[in-house]
Amino acid sequence: AQKVTQAQTEISVVEKEDVTLDCVYETRDTTYYLFWYKQPPSGELVFLIRRNSFDEQNEISGRYSWNFQKSTSSFNFTITASQVVDSAVYFCALSDNYGQNFVFGPGTRLSVLP
Amino acid sequence: DGGITQSPKYLFRKEGQNVTLSCEQNLNHDAMYWYRQDPGQGLRLIYYSQIVNDFQKGDIAEGYSVSREKKESFPLTVTSAQKNPTAFYLCASSMRTGNNEQFFGPGTRLTVL
């Protein structure tokens, strides 16, 4: 069975600090996909990134970066120079190649204080 | 504008009544999903549909029903058999299952009195 663990339930940082959100996954598939979503207070989930299991290159998008390591089954998300607008719940998710099992982690609530 | 709409944003019902939540998408996506989110919790899959006239149960389908008569629409009915229906319900769609991200609607917050 597929599983996603986000061990950090809540994180608080002061504005401009860097913060890393951890995501550890379990799957027996060789082909799979990993995702990160942001859920602001409004409630709607916003897609941030998709990564397939054959692409271990790290990715940077502005202040956001992602570190995918198959050896440790981790897909961590780092926000550099955090801002108050980054305050949200962040979900990591895992999908198999056929979409039969799309699993979300429990989420990490990030609070960025001014 | 392309996207997913859910209506209404807030919904109140008396205990014992069935209620139907609307979900419409104009993204031409094949797959659609319904999730339930309880306060401080993650998302749990209720039902999903990969094509019209076909749908599959998710992890917590008991007390819910769906239909997929049109590609654009995937309504969810919360029946009186659902023991704890008060929750935040999110609808999502994707181009094809598995290897494409899901896009989410704004959600419907259902409160059963």
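The values are calculated or read from the model by the stated rules, or taken from the named source; none is laboratory data. Model, not experiment: these values are computed from the prediction. Here Cβ is always computed from backbone atoms with ideal geometry, including for glycine, and neighbour counts include all displayed protein chains.
What to note about this one:
- Exclusive hit being within 25 Å of B:GLN37 (Cβ to Cβ), of a type in the set (D, E, K, R) and under 10 Å from the mean Cα position of the chain (by Cα), set A:ARG50, A:ARG109: A:ARG50
- Every pair of residues 6+ apart whose Cβ atoms lie under 8 Å, when the first sits in the range B:6-20 and is among the basic types (Lys, Arg) while the second is assigned to a loop (DSSP other than H, G, I, E, B) and exposed (fewer than 13 other Cβ atoms within 10 Å of the Cβ): B:ARG13/B:LEU113; B:LYS14/B:LEU113
- Residue in the range A:40-59 that is touching a residue at least 60 places away in the same chain (Cβ under 8 Å) and not in a loop (DSSP other than H, G, I, E, B) present: no
- Selection of the range A:68-88 for residues being within 17 Å of A:LEU45 (Cα to Cα) and either within 9 Å of chain B (Cβ to nearest Cβ) or among the hydroxyl-bearing types (Ser, Thr, Tyr) (or both) yields only A:SER87.
- So A:PHE91, is it closer than 20 Å to A:SER42 by Cβ and facing another protein chain (nearest Cβ under 9 Å): yes
- Every test in (1) modelled with pLDDT of 95 or more; (2) surrounded by 15 or more Cβ atoms within 10 Å (Cβ to Cβ) is passed by B:LYS70 save one, and that test is (2).
- The set of residues in the range B:22-45 that are within 14 Å of chain A (Cβ to nearest Cβ) and farther than 26 Å from A:THR108 by Cα comprises B:CYS23, B:GLN25, B:LEU27, B:HIS29, B:ASP30, B:ALA31.
- Selection within the range A:26-62 - of a type in the set (Ser, Thr, Tyr), surrounded by 12 or more Cβ atoms within 10 Å (Cβ to Cβ) and away from every other protein chain (no Cβ under 11 Å): A:THR27
- Among residues that are within 15 Å of the chain's Cα centre (by Cα), within 14 Å of chain B (Cβ to nearest Cβ) and at pLDDT below 95, A:PHE104 is included.
- Among the residues making up the range A:1-27, those that are of a type in the set (A, V, I, L, M), more than 12 Å from A:LEU113 (Cα to Cα) and part of a strand (DSSP E or B) are A:VAL4, A:VAL19, A:LEU21, A:VAL24.
- Residue list for the range B:70-88, restricted to those being more than 10 Å from chain A (Cβ to nearest Cβ) and within 20 Å of A:PRO40 (Cα to Cα): B:ALA87
- Subset of the range B:37-57 (residues that are part of a strand (DSSP E or B) and in contact with a Gly (Cβ under 9 Å, 6 or more places away or on another chain)): B:GLN37, B:LEU43, B:ARG44, B:LEU45, B:ILE46, B:TYR47, B:TYR48, B:GLN50
- Summed over the range A:4-32, the residues that are at pLDDT below 95 and either on the phi > 0 side of the Ramachandran plot or of a type in the set (Phe, Trp, Tyr) (or both) give a count of 1.
- Restricting attention to the range B:78-103, the residues being touching a residue at least 12 places away in the same chain (Cβ under 8 Å) and in contact with a Gly (Cβ under 9 Å, 6 or more places away or on another chain) number 17.
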